[in-house]
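Okay, here's the structure, questions in a sec.
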Amino acid sequence: LTIILVAISVSFVLISQSRKRPSSSAYDVGPPTSAPITPAPTPSVLEKGWVELIHAHSLTTITFEHESPHRNALDWMLNDTFTLQFSQEHDGEVLQRFALASLAFRSLRDPRSWLEANSHECDWNGVSCSIFRV
């Protein structure tokens with residue numbers, strides 16, 4: 001599991017660094033308006049716990065920026081009833097499910113066609129497990 005997370009984290013970093021960043025002018029949106037600012041949604045206790053778990057077991061810094069593969073994977077997990085039944089005794093399953101979901105959101109054009117909600121990741125197409133470990 002650690003080797004898989006390391007390999008995925010390293011590949012995410014290398015891919016992210018190899019992409020050209022847009023210039024700061026791409027973010028120029030004009031002068032400020034008087035429109036009210038909508039506060040960012042408050043993360044749930046579960047989300048905070050999973051983010052802390054993921055950071056504690058990652059060798060690289062993982063960010064959860066809007067629409068990033070990691071953010072999409074986390075959001076998918078937070079809306080999947082199978083994943084939501086995991087308790088603190090299932091940290092390994094949370095981590096391997098997050099790693100596979102992140103890989104899917106990074107690599108596949110339609111990641112939801114591979115991610116199987118409401119089933120164990122060991123039952124997903126092409127995934128091999130030994131005693132529920134990828």
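The values are calculated or read from the model by the stated rules, or taken from the named source; none is laboratory data. Keep in mind that this is a model prediction, so the values were computed, not measured. Cβ placement follows ideal geometry from the backbone for every residue including glycine, while neighbour counts extend to all protein chains displayed. Surface accessibility is based on the protein's heavy atoms, side chains included, excluding ligands, DNA and RNA. Shrake-Rupley method; radii C 1.70, N 1.55, O 1.52, S 1.80 Å.
Before I look further, what does region 45-123 give for accessible area per residue, probe 1.4 Å, in whole square angstrom?
Averaged over the residues of region 45-123, the accessible area is 54 Å².
When only Cα pairs under 8 Å and 6 or more residues apart are kept, what is the percent relative contact order across region 45-123?
Rounded, it is 29 percent for region 45-123.
Any idea which of Ile54, Ser87, Ala104 is furthest toward the positive side of the dipole for region 45-123, if Lys and Arg beta-carbons carry +1 and Asp and Glu beta-carbons -1?
So the residue we want is Ala104.
Please report the carbon-and-sulfur percent of the accessible area for region 45-123; probe 1.4 Å, protein heavy atoms only, DNA, RNA and ligands left out.
Its accessible area is 49 percent carbon and sulfur atoms.
Just for the Cα atoms in region 45-123, what are the lengths along the principal axes, largest first, rounded to whole Å?
Largest first, region 45-123 extends 29, 25, 20 Å along its Cα principal axes.
Could you please put Arg71, Arg97 in sequence from largest to smallest accessible area, using a 1.4 Å probe?
Per-residue accessible area, sorted high to low, gives Arg71, Arg97.
Set the Förster distance to 35 Å, then compute FRET efficiency between Glu65 and Ile131 from the Cβ-Cβ distance, nearest 0.05.
0.50
I've got another one for you. Evaluate E = 1/(1 + (r/R0)^6) for Lys48 and Trp124, where r is the Cβ-Cβ distance and R0 equals 30 Å; express this FRET efficiency to the nearest 0.05.
That pair, Lys48 with Trp124, gives E of 0.65.
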